[in-house]
Every structure is written in structure tokens, then in C-alpha cells.
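A.B. asks: First the structure, then my questions, so here it is.
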Amino acid sequence: MKPKTTRWLAAVFIVVSPLYFFSFPAFPARPPADPVTSWVFAAVMSTLFVSFGVFMFRNPPAATPRFAMPAQLTEATIAAIAERARQIHVKGYTRQHDADLSDSAELAQAAAFYAMADVGHEQGRVRWPWDEEDCKVKDRFANYVRAAALLIAAADLELARGGGTQLGSAPRNVA
């Protein structure tokens, strides 16, 4: 619940609860057997509800983000993000470059190639979508990291073109 909503509800508790609980003994539907008990009950209940309202007003819950990063990122996740940052800042493979060069399917095909590189890319396997000199197969971990970075680029390009749904409230810089 948002802090503003909580404060609004707290104000309602503070103002309305005494009116509500004291209306019963003041305007009974039928005469109470013991009028003192009904007034004491009204006083106790309105005190409890006002106290609860004051507590909620003074201590609103912290706003929870719609999208939260995990407490710890794994080394593989950090490596994939770093590889994508390297592709953008060192190689110049920005979203605009990716959009001019290819579509997101080619980026995904390149990611699949790197992910399957240790299996081999003979006939019937995933093929590299661009020039062979651009393909730099390394060890299995490095290939998986490059595959993840290429998938991030493909997803980013798809979001920029409006072909996907943005999850959460993660920041988005559309070029």
C-alpha cells in the first residue's frame, strides 16, 4: 500500500471511528440494558481505532518498488551485463547500430550459435548469421556470456521497436 493511501486511511480511522462507535450509545435502536457498558465499549473501541490510525499515520509503510533487483547478482549475470556494456562502449554496437545492421532474430541466432558453439556448427546446426571473421568462439563460459549479451541486445532492440512488453519499472533509455 502506498504511503499516501495509508495516511488517508489513518485519517479516516482517526475521524470516523469515534463518530461511529459513539453513535450506538447516543442513538440506540432499542434502550440498552446497561447504558454505562455501551458508553465504555464505545470509548474503548474508538480509542483503539484512533490509536491504530495514529500509528498508521506516523509509520506509513515504505513504498515497495514494482521491480526489484535481486540481493546478489551471480558472477555469470555480472559477466553478461559487463559483456553487453563492452559491446556498446568499446565495439560501438549500440541499439541504433543493431537496428541498422540486423533485426532481433539475427541477434538471437548469433546468441544461439555461441550457446551451441561447443557442440559444433556442422550441417543442420545453428549457423553464424554474419561474416565468419566476426565470429570469435572461445571457451564455454565466454561463449555463454556472449550469448546472454546478444540476447539482451535482441530483447532491447525488440523493446525499442515496440514488439515486446516492458517488465517492471526498470529504467529504459530509448534511442
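The values are calculated or read from the model by the stated rules, or taken from the named source; none is laboratory data. All of these numbers come straight from a predicted model, not from anything done at the bench. Note that each Cβ is placed from the backbone with ideal geometry, even for glycine, and that neighbours are counted across all protein chains shown. For the accessible areas, the whole protein counts, side chains as well, though only heavy atoms, and no ligand, DNA or RNA atoms are used. Shrake-Rupley method; radii C 1.70, N 1.55, O 1.52, S 1.80 Å.
A.B. asks: Tell me the carbon and sulfur percent of the accessible area for the stretch 80-161, rounded to whole percent, probe radius 1.4 Å. Can you show the working numbers first?
C.D. replies: Details: 2640 of 4720 Å².
Summing carbon and sulfur atoms, their accessible area is 56 percent of the total for the stretch 80-161.
A.B. asks: Quickly rank 148-157, 103-112, 49-58 as a protection proxy: mean count of other C-beta atoms within 10 Å, highest first. Intermediate results must be reported in sequence, preceding the final value.
C.D. replies: Numbers: 148-157: 21.4, 103-112: 19.3, 49-58: 15.5.
Output ranking for 148-157, 103-112, 49-58: 148-157, 103-112, 49-58.
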